[in-house]
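Single-structure report; data block below.
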Ligand code: CP
């Protein structure tokens, strides 16, 4: 049985297969009828114990574009608020015949528990667990970088060899950073983390990346700069400099952006704290790919669902797409 729990589990071949499949899925989005029949009769459950805008909507759009039935479950307003456990929730979903469960949970490890529990038969996809991982975010980020940095419409089979990626900000609480470090290095990129010393995770010396505390020194050597959201909801105030001090030392404004090479892009997974880690001017500039990342997320999630659920028709490109 196959699941997607962690970007660290993906080999280079796995990652390239997902990115290449997403390129083919992106062509579906360009057509007048944005739908393929490949997962007709399959059921995808979006099981969200934590808030989400982009991830939940794009998994729903992805499943629907593949003609799957979609059940959206939000812990808020469900029997979870009456104390129902993950196990009993999972058994309920299993009774509904879920072929795939896309889970976001505040506890690191919840998707792993679900995948290895025996409570459900279907594939499990991690849509973000605590401060652990968010593998489909890293995949859509890599997809965006490959398109922008390897060349427009780079085509299939290219990777990120030698590209220099800088990830900036609240690394301590960031599942996006952790997944990206694993995936981007697997794809051949060199990753540098820049963060205040209090927001660097313990054990980071074992991660396959560099760490710097000097954003201005790293920017001129970056092909992509990924700004992370400051996760105040997970933070003890003692860990955090003042907002003004944070923005001054680690925020990206136009002056700082001008230090980046001309071809370099600014990324943000969203949601953004405008005025904190990124100014509105930078967020709205043509160099910022935040909205493009969201669009690419649908193609990546289509590819992941398609590959996990084994769509009946392997080819989606060219004349064989019926678009029904
Ligand atoms: N990037 C991301 O995971 O956004 P959401 O929390 O809105 O899903």
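The values are calculated or read from the model by the stated rules, or taken from the named source; none is laboratory data. Note that the coordinates shown come from a computational prediction; the quantities given were computed from them, not determined experimentally. Backbone-built Cβ (ideal geometry, glycine too); neighbour counts: all protein chains shown.
Of the residues 278, 265, the single one that is closer than 21 Å to residue 185 by Cα and touching a residue at least 24 places away in the same chain (Cβ under 8 Å) is 265.
Can you confirm whether the range 226-238 contains a residue that is under 30 Å from residue 51 (Cβ atoms), within 16 Å of the ligand (Cβ to nearest atom), touching a strand residue (DSSP E or B) at 6+ places or on another chain (Cβ under 8 Å) and not in a strand (DSSP E or B)? Yes: the range 226-238 contains one or more residues that are under 30 Å from residue 51 (Cβ atoms), within 16 Å of the ligand (Cβ to nearest atom), touching a strand residue (DSSP E or B) at 6+ places or on another chain (Cβ under 8 Å) and not in a strand (DSSP E or B). Being in contact with a strand residue (DSSP E or B) (Cβ under 7 Å, 6 or more places away or on another chain), at pLDDT below 90 and within 16 Å of the ligand (Cβ to nearest atom) is a description that does not apply to residue 110. Across the range 48-83, the qualifying residues are those that are touching a residue at least 60 places away in the same chain (Cβ under 8 Å) and over 19 Å from residue 35 (Cβ atoms), and the one among them that is farthest from the ligand (Cβ to nearest atom) is 49. The residues of the range 273-286 that are surrounded by fewer than 18 Cβ atoms within 10 Å (Cβ to Cβ) and either within 14 Å of residue 143 (Cβ to Cβ) or touching a helix residue (DSSP H, G or I) at 6+ places or on another chain (Cβ under 8 Å) (or both), listed by number, are 274, 275, 281, 285.
Scanning the range 25-50 for residues that are touching a helix residue (DSSP H, G or I) at 6+ places or on another chain (Cβ under 8 Å), crowded, with 17+ Cβ neighbours inside 10 Å and not in a loop (DSSP other than H, G, I, E, B) yields 25, 26, 28, 44, 45, 46, 47, 48.
Selection of the range 121-135 for residues being farther than 21 Å from residue 52 by Cα and surrounded by 21 or more Cβ atoms within 10 Å (Cβ to Cβ) yields only 122.
For the range 133-172, residues that are within 17 Å of the chain's Cα centre (by Cα) and either at pLDDT below 90 or within 13 Å of the ligand (Cβ to nearest atom) (or both) total 10. Evaluated against (1) in contact with a strand residue (DSSP E or B) (Cβ under 7 Å, 6 or more places away or on another chain); (2) away from the ligand (no atom under 13 Å from the Cβ); (3) part of a loop (DSSP other than H, G, I, E, B), residue 118 falls short on exactly one condition, (1).
Quick one: would you say residue 295 is in contact (Cβ under 8 Å) with a residue 24 or more places away in the chain and away from the ligand (no atom under 16 Å from the Cβ)? It is false that residue 295 is in contact (Cβ under 8 Å) with a residue 24 or more places away in the chain and away from the ligand (no atom under 16 Å from the Cβ).
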